[in-house]
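Here's the structure, in structure tokens; my notes come after.
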Amino acid sequence: MPALILKAGREKSLLRRHPWIFSGAVQHVDQEPIPGGTVDLLSSNKQFLARASYSPTSQIRARAWTFEDKPVDKEFFRKQIRKAIDARYSLSDSRDTDSLRLIYAESDGIPGLIVDRYGDVLILQSLTTGSEFWKETLADLLLEETGLAIVYERSDADVRELEGLEPTVGLLRGTLPSFIFHLTEHNLKFNVNAQSGHKTGFYLDQRANRLRVRQLARGKDVLDGFCYTGGFTVNALAGGAKSVLSIDSSADALALARQNVALNDLPMEKANFLEGDVFQLLRKFRDENRSFDMIILDPPKFAPTAAQAARAARGYKDINLLAFKLLRPGGILVTFSCSGGVDAMLFQKIIAGAALDAGVEAQIIEHLSQGADHPVSLHFPEAAYLKGLVCYKTA
Ligand code: SAH
């Protein structure tokens, strides 16, 4: 078995079961492993630490499949997949939706592999040379273990570049009747575009937060910034909002958002859609003295890594400051960050700074995060990326 022998002292993170080994920790590569192939990770005195996938072009040179000295083969992956799927269906969330994240990479002990189930369709994202090496086996196993027939691949995330992988999109198994398919969640329906949607098509991670918005929206004038295909918009209307203004820079996203309102027979006259830049529009609304009872801000990732945190912080502060100004007293701000480079404490500080500079008093009434189908392994805190605050403007 090819092996990576680590520098002295660099075994510590593996002993704590963190699955990554960075290139700088490797002393010596034994027997030329192939990209994505399996390697043993050995300490400087040649003790077995883990069995891992090899990524020769990435700074993250290896990702542990297992910390036990056992074979990494089809049966190994079957067990990992089975465990992940069983966990999902033991959660109450699975009763409220037909669409869940079944496999969440490192958190489920399968680094590089993301699998989302939308009704009868599985959407697979392979992000590393390791998951790429096993992709066909993983696709077979997914069908065997779920009893479903369709796997569509959306391996077009930018991070593949770091692994030296090209974007790959298309059918892996079965046939897709249409690129638009439906999901039902908390009794609401959504159309999802498998081919061009973000991530795997829908923000499954926001499921519980969508429901929360539904519960809070009654009688309110709502602004849904960065609305995408209307996840929060539809829920706000279903919750009895007086009006919802939904903003996104993408005309395609807005078209689907409008369809999703119609699909649920919600009052179209209460829904307004605006194509534009949230940063500019919030400024314009401030200059026009407009106001709202509830503002939802769920922007794209401003800082994928900690290196971009300062720039991201300015972006978050800007929109949240404007939102605080636009809120009526007693109004609610539901604000999110999905940037891995901005942790929950930093995000809270940014929002506090925004309230201060806006000259408003506000309280945090709730902390939000990603749903239970996006679990965070205790050994891999990097998996926690989504944080949200519900703030109440007192004055
Ligand atoms: N809240 C959505 C997900 C938002 S994803 C949901 O729960 O489904 C971020 C969205 O922001 C994308 O749809 C993208 O088109 C949009 N976007 C990115 N930058 C923007 C900007 N400056 N102004 C308006 N929309 C923007």
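The values are calculated or read from the model by the stated rules, or taken from the named source; none is laboratory data. Everything quoted here is computed from the prediction, not taken from an experiment. Cβ: placed from backbone, ideal geometry, glycine included. Neighbour counts: every protein chain shown.
Structure notes:
- Criterion: in contact with a Leu (Cβ under 8 Å, 6 or more places away or on another chain), in a helix (DSSP H, G or I), under 24 Å from Gly371 (Cα atoms) and not acidic (Asp, Glu) - qualifying residue of Arg88, Arg117: Arg88
- Of the residues making up the range 142-159, those that are buried (at least 19 other Cβ atoms within 10 Å of the Cβ) and either of a type outside the set (Lys, Arg) or out of contact with any Ser or Thr (no Cβ under 8 Å at 6 or more places or on another chain) (or both) are Leu142, Ile150, Val151, Tyr152, Glu153, Ser155.
- Enumeration of residues in the range 224-271 that are away from the ligand (no atom under 12 Å from the Cβ), closer than 22 Å to Ala208 by Cβ and out of contact with any Gly (no Cβ under 8 Å at 6 or more places or on another chain): Leu237, Ala238, Gly239, Val244, Leu263, Asn264, Leu266
- Among residues of the range 224-240 that are at positive phi and of a type outside the set (Phe, Trp, Tyr), those with a beta-carbon under 8 Å from a residue that is in a strand (DSSP E or B) and near the ligand (Cβ under 10 Å from one of its atoms) at least six positions away or on a different chain give the pairs Gly230/Phe190; Gly230/Asp224; Gly230/Ser246.
- Scanning the range 17-31 for residues that are under 25 Å from the mean Cα position of the chain (by Cα) and of a type outside the set (Phe, Trp, Tyr) gives Arg17, His18, Pro19, Ile21.
- The residues of the range 93-115 that are under 13 Å from Arg207 (Cβ atoms) and either crowded, with 24+ Cβ neighbours inside 10 Å or modelled with pLDDT under 95 (or both), listed by number, are Asp93, Ser94, Arg95, Asp96, Ser99, Leu100, Arg101.
- Checking each residue in the range 331-346 for being away from the ligand (no atom under 16 Å from the Cβ) and either touching a Lys or Arg at 6+ places or on another chain (Cβ under 7 Å) or of a type in the set (Phe, Trp, Tyr) (or both) picks out Gly331, Ala344.
- Some residue of the range 220-235 being part of a helix (DSSP H, G or I) and either over 16 Å from Val334 (Cα atoms) or over 22 Å from the mean Cα position of the chain (by Cα) (or both): no
- Selection status of Ile365, outside any loop (DSSP other than H, G, I, E, B), surrounded by fewer than 21 Cβ atoms within 10 Å (Cβ to Cβ), away from the ligand (no atom under 16 Å from the Cβ) and modelled with pLDDT of 95 or more: yes
- Of the strands (runs of 3 or more DSSP E) lying entirely inside the range 265-349, those carrying at least 3 residues that are crowded, with 21+ Cβ neighbours inside 10 Å and touching a strand residue (DSSP E or B) at 6+ places or on another chain (Cβ under 8 Å) are 292-297, 327-337.
- The set of residues in the range 198-219 being at negative phi, surrounded by fewer than 23 Cβ atoms within 10 Å (Cβ to Cβ) and not in a helix (DSSP H, G or I) consists of His198, Tyr203, Arg218.
- Filter result (of a type in the set (S, T, N, Q), assigned to a strand (DSSP E or B) and buried (at least 18 other Cβ atoms within 10 Å of the Cβ)) within the range 46-74: Ser53
- Selection count, the range 370-395, where residues are outside any strand (DSSP E or B), among the aliphatic types (A, V, I, L, M) and more than 15 Å from Arg101 (Cα to Cα): 2
- Conditions (1) modelled with pLDDT under 95; (2) away from the ligand (no atom under 15 Å from the Cβ); number of the one not met by Phe302: (2)
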